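A quick write-up on the structure given underneath.
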């Protein structure tokens, strides 16, 4: 067993625990993210509202992915279509077969 396999085996229980916590407390996490985003937006007087909103959305998406890791209905392909005729992938993400 290689080093990477050994690390994955040791971290798997922690990953499962994080997933369970995200499933149980996802709504509280989302509320906390919204509250933090609002506080930061007020402190910066709206100067970075678009970036704060974007970051909050990405954080909520990450929590959702953690909470639904075993849900087969959740898409795992990082393709985010901006134009239905031409889907795009985040930079550095290899295409899925």
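No lab work stands behind these numbers, since they all come straight from the coordinates. What you are looking at is a predicted structure, and each value in this text was computed from that prediction instead of being measured. Quick reminder, even Gly has a Cβ in these numbers, built from the backbone with ideal geometry, and neighbours come from all protein chains shown.
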Normalised alpha carbon radius of gyration of the range 17-67 [divisor 2.2 N^0.38 Å]: 1.23
Find how much the distance from residue 49 to residue 16 grows on full extension, using 0.36 nm per residue of separation minus their present alpha carbon separation; answer in nm with one decimal. 8.5 nm
Between residue 64 and residue 23, how many nm apart are label points set 7 Å from Cα along the C-beta direction? 1.8
